[in-house]
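Presented below is the structure to which this report refers.
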Amino acid sequence: MRTLLLSLTLALALAASLAACSAKDEAAQQPVADEAAATAEAPAATDAEDEAAKRPASTHTIQEDIPDGPVGQVQLRDGTTLKIEALQKQGDDYWIYVYGKLNGRSSTVVSLTRFRDLMNWPSIVFKDPHTFTITNRQGKEWAFEDANLYLGDGEPGKYAFYVLDDRYNKVLTQVPKSDVANIAFGTK
């Protein structure tokens with residue numbers, strides 16, 4: 001009888017715990033569009049509320065160690081090599097953004113927000129613009145098919161990054177994705 005009572009109590013506690021976790025997960029998955037619509041329907045905010053909304057949610061910022069000098073290189077199919085002097089973030093968020101079928105499985109998204117994580121990818125080899133293999137410093141390979149890789153905030157179908165011109169000024173250049181054979185990060 002005690003064993004049955006103990007089992008029943010544990011089962012009820014587990015059910016309550018799962019219900020609480022489920023409600024928490026559903027609350028976290030609410031789309032952002034619903035929040036924007038609710039904000040649009042709300043009455044106008046006061047000046048104090050506007051100022052509070054403009055301040056960042058967190059005062060803790062991550063300091064990134066971005067080295068001076070080349071951060072990588074792009075090798076084109078014609079044999080030309082371009083030194084990447086600096087990268088341009090996509091918006092304010094991503095250094096690089098990849099999505100597609102990873103290792104022949106379902107769609108996967110990889111978006112790197114930290115520069116040091118990107119430096120752990122010494123090689124991205126392209127079979128074509130939508131089929132490529134990413135190798136990390138530990139030798140692990142990620143084979144993407146039916147995929148897209150975005151580097152820089154350039155035009156669709158192009159990678160954007162900074163190179164040095166003849167006067168040693170950093171200039172933003174855009175290279176067609178179909179011309180790229182290899183991208184290597186962390187090389188000098």
If you average the sequence gap of Cα pairs under 8 Å that are 6 or more apart and divide by the length of segment 88-185, what percent do you get for the contact order?
28
Reduced Cα scattering model of segment 88-185, Debye log10 I(q)/I(0), q = 0.12, 0.13, 0.15 Å⁻¹
-0.38, -0.45, -0.60
What nm distance separates the two modelled labels at ASP146 and ARG116, each placed 7 Å from Cα along Cα→Cβ?
3.7
Grab the beta carbon distance between ARG77 and TYR99, set R0 = 22 Å, and tell me the FRET efficiency rounded to 0.05.
0.40
In nm, what is the difference between 0.36 nm times the number of residues separating LEU164 and SER106 and their Cα-Cα distance?
17.0 nm
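Bear in mind that the values in this text are calculations on the coordinates, not laboratory data. If you're wondering where the values come from, they're calculated on a predicted model, not measured in any experiment. Note that each Cβ is placed from the backbone with ideal geometry, even for glycine, and that neighbours are counted across all protein chains shown.
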